[in-house]
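Asker: Here you go, one structure.
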Amino acid sequence: MENHHLGKHSFIFSEPPVIAAWASAAGKMESQGPLKDHFDITAQDAYFGQKTFEQGERKMQQLVLDALAVKAGKKAQELGVVLSGDLLNQCIGSSFTLRNRNIPHLGLYGACSTMAESLLVASMVVGGSFFESAVAMTSSHFASSERQYRFPLNYGGQRPPTAQRTVTGAGAAWITRKGSGPRIAGCTVGTVKDFGIKDANNMGPAMAPAAMDTLLRHFEDFSVDADAYDLIVTGDLGQLGKEVLIQLMSENGTPIGGKITDCGTLVFDPTKQDVHCGGSGCGCSAITLCGYLLNRLSRGELRKILFCGTGALLSPTSTQQGMPIPGVCHAVVIEGGNG
């Protein structure tokens, strides 16, 4: 299979890998939002039947991987290499999900960009003929993320207006060399950008410069503009971060206002749900993609999208030391159709 490098940051496939199946699991609040009909698994219990929130997040990944196998008509061990990560320290949600299951696993960390990163790497693995198929998977959990990055929920701290709610959810996509389904036509690998923002409750604007950088590099490498896509989907800038991105792109002379949407603004209804600036977390873009977006692509409602996962690369240690929040964004071109 011959593939092609474009510019400094991008590549395309002569035979695009296929997203042959996808599955998602969502928590209580997410399953009450606008995308509720697109989730395969929903739960009213934040623990997912486990003893801790972290174990509940691991359970979500297990459930979504098994649901993906059913939809693919395979056993989980037959899905190929799994590329996954999460927001927990040392990515224990992913590694504990795969322990003792005899499934090859490559762990990734891209913060909230992990769904796009895993999709990008999975397409390289399959497109390069290293594996016949691969799984791109990630998750996040509101309670485990708050405890790790900010304060435990029982602390009762107030969240400022710029804050976003970490999505409790997991998503997985099965990438194959052949088959029917939406196709991954190409990708742009992002660079790490630092806007100098230090507030862990204001991550949307912190990630917006990375999203702009990736979009500009993608447009240059592919010789296209925003009109090449039905939608440009970032995740998870939230409402404020999306507005900052639109302004930055406009000031650069590359307007995207009519094409842009963001997973953080899609997954919740801000008029009915108290989410401040919207959703965030690995699971935000994962459950939006592995349901709503891929469903629309497979039905022909969307022809071509640019899926741009954004990630805030902070850690509890960097925040405590007063360090700013670097951001990253990876872009994946996904085309509809049946292969």
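Asker: Failed condition for residue 151, given (1) surrounded by fewer than 24 Cβ atoms within 10 Å (Cβ to Cβ); (2) touching a strand residue (DSSP E or B) at 6+ places or on another chain (Cβ under 9 Å); (3) at pLDDT below 95, with all others met?
Answerer: Failed condition: (2).
Asker: Next question, about the same structure. Could you figure out which of (1) assigned to a helix (DSSP H, G or I); (2) closer than 23 Å to residue 286 by Cα isn't true of residue 219?
Answerer: Result: residue 219 fails condition (2) only.
Asker: From (1) over 22 Å from residue 13 (Cβ atoms); (2) within 17 Å of the chain's Cα centre (by Cα), pick out the condition that doesn't hold for residue 121.
Answerer: Of everything listed in (1) over 22 Å from residue 13 (Cβ atoms); (2) within 17 Å of the chain's Cα centre (by Cα), residue 121 misses just condition (1).
Asker: If you don't mind, there's one more thing I want to ask. Where residues in the range 5-25 are in contact (Cβ under 8 Å) with a residue 40 or more places away in the chain and among the small types (Gly, Ala, Ser), which of them is surrounded by the fewest Cβ atoms within 10 Å (Cβ to Cβ)?
Answerer: Looking only at the range 5-25, we keep the residues that are in contact (Cβ under 8 Å) with a residue 40 or more places away in the chain, and these are 6-13, 15-25.
Checking the rest, the ones that are also among the small types (Gly, Ala, Ser) come to 7, 10, 20-21, 23-25.
Numbers: 7: 13, 10: 20, 20: 23, 21: 25, 23: 27, 24: 31, 25: 31.
Checking each candidate, the answer is 7.
Asker: Filter the range 235-255 down to the residues that are in a loop (DSSP other than H, G, I, E, B) and in contact with a strand residue (DSSP E or B) (Cβ under 6 Å, 6 or more places away or on another chain) and list them by number.
Answerer: At the first step, the residues of the range 235-255 found to be in a loop (DSSP other than H, G, I, E, B) are 236-237, 252-255.
236, 237 - these are the residues of the range 235-255 that are in a loop (DSSP other than H, G, I, E, B) and in contact with a strand residue (DSSP E or B) (Cβ under 6 Å, 6 or more places away or on another chain).
Asker: Of the residues 111, 122, which single one is within 17 Å of residue 16 (Cβ to Cβ), aliphatic (A, V, I, L, M), in contact with a Leu (Cβ under 7 Å, 6 or more places away or on another chain) and crowded, with 20+ Cβ neighbours inside 10 Å?
Answerer: Numbers: 111 fails: within 17 Å of residue 16 (Cβ to Cβ).
None of the other options fit; the residue is 122.
Asker: Quick one: residue 241 ticks every box in (1) under 17 Å from the mean Cα position of the chain (by Cα); (2) surrounded by fewer than 24 Cβ atoms within 10 Å (Cβ to Cβ); (3) farther than 26 Å from residue 20 by Cα bar one, so which box is it?
Answerer: For residue 241, the failing item is (2).
Asker: Okay, next question. Of these, 204, 235, 190, 171, which one is modelled with pLDDT of 95 or more, small (Gly, Ala, Ser), in contact with a helix residue (DSSP H, G or I) (Cβ under 7 Å, 6 or more places away or on another chain) and in the same structural domain as residue 303 (by TED's automatic domain parsing)? I'd like the intermediate steps shown before the answer.
Answerer: Details: 204 fails: modelled with pLDDT of 95 or more; 235 fails: modelled with pLDDT of 95 or more; 171 fails: in the same structural domain as residue 303 (by TED's automatic domain parsing).
Exactly one residue qualifies, and that residue is 190.
Asker: Here is a follow-up. Give the residue that is nearest to residue 12 (Cα to Cα), with candidates limited to residues of the range 125-140 that are outside any strand (DSSP E or B) and in contact (Cβ under 8 Å) with a residue 60 or more places away in the chain. Steps first, answer last, please.
Answerer: Pass one, the range 125-140, residues outside any strand (DSSP E or B): 125-132.
Keeping just the survivors that are in contact (Cβ under 8 Å) with a residue 60 or more places away in the chain gives 126-129.
Details: 126: 13, 127: 10, 128: 11, 129: 14 Å.
The residue in question is 127.
Asker: Of the conditions (1) of a type outside the set (Asp, Glu); (2) touching a helix residue (DSSP H, G or I) at 6+ places or on another chain (Cβ under 7 Å); (3) within 14 Å of residue 203 (Cβ to Cβ), residue 257 satisfies every one except a single condition; which number is it?
Answerer: Of the numbered conditions (1) of a type outside the set (Asp, Glu); (2) touching a helix residue (DSSP H, G or I) at 6+ places or on another chain (Cβ under 7 Å); (3) within 14 Å of residue 203 (Cβ to Cβ), the odd one out for residue 257 is (3).
Asker: Where in the range 1-107 are there strands (runs of 3 or more DSSP E), lying fully within it, with 3 or more residues that are under 17 Å from residue 294 (Cβ atoms)? If you could, list the steps in order and put the result at the bottom.
Answerer: Details: elements: 3-6, 10-13, 18-26, 81-86, 105-107.
Qualifying strands (runs of 3 or more DSSP E): 18-26.
Asker: Could you list all residues from the range 213-232 that are surrounded by 24 or more Cβ atoms within 10 Å (Cβ to Cβ) and touching a helix residue (DSSP H, G or I) at 6+ places or on another chain (Cβ under 8 Å)? Give the derivation first.
Answerer: Just the residues of the range 213-232 that are surrounded by 24 or more Cβ atoms within 10 Å (Cβ to Cβ), to begin with: 214-215, 218.
If the condition is that a residue be surrounded by 24 or more Cβ atoms within 10 Å (Cβ to Cβ) and touching a helix residue (DSSP H, G or I) at 6+ places or on another chain (Cβ under 8 Å), then 215 is the only one that fits.
Asker: Take residue 93 and decide whether it is in the same structural domain as residue 229 (by TED's automatic domain parsing) and either buried (at least 22 other Cβ atoms within 10 Å of the Cβ) or of a type in the set (Phe, Trp, Tyr) (or both). Spell out how you get there, then give the answer.
Answerer: Values: in the same structural domain as residue 229 (by TED's automatic domain parsing): no; either buried (at least 22 other Cβ atoms within 10 Å of the Cβ) or of a type in the set (Phe, Trp, Tyr) (or both): yes.
For residue 93, the condition - in the same structural domain as residue 229 (by TED's automatic domain parsing) and either buried (at least 22 other Cβ atoms within 10 Å of the Cβ) or of a type in the set (Phe, Trp, Tyr) (or both) - is not met.
Asker: For the range 297-339, how many residues meet the condition of being under 25 Å from residue 10 (Cα atoms) and not in a loop (DSSP other than H, G, I, E, B)?
Answerer: 21
Asker: Do the conditions hold for residue 282, that is, is it closer than 28 Å to residue 84 by Cα, hydrophobic (A, V, I, L, M, F, W, C) and in contact with a strand residue (DSSP E or B) (Cβ under 8 Å, 6 or more places away or on another chain)?
Answerer: Yes: the conditions hold for residue 282.
The values are calculated or read from the model by the stated rules, or taken from the named source; none is laboratory data. Quick caveat, the model's predicted, so the values are computed rather than measured. Because the Cβ atoms are built from the backbone with ideal geometry, glycine has one as well, and the counts that use them run over all protein chains shown.
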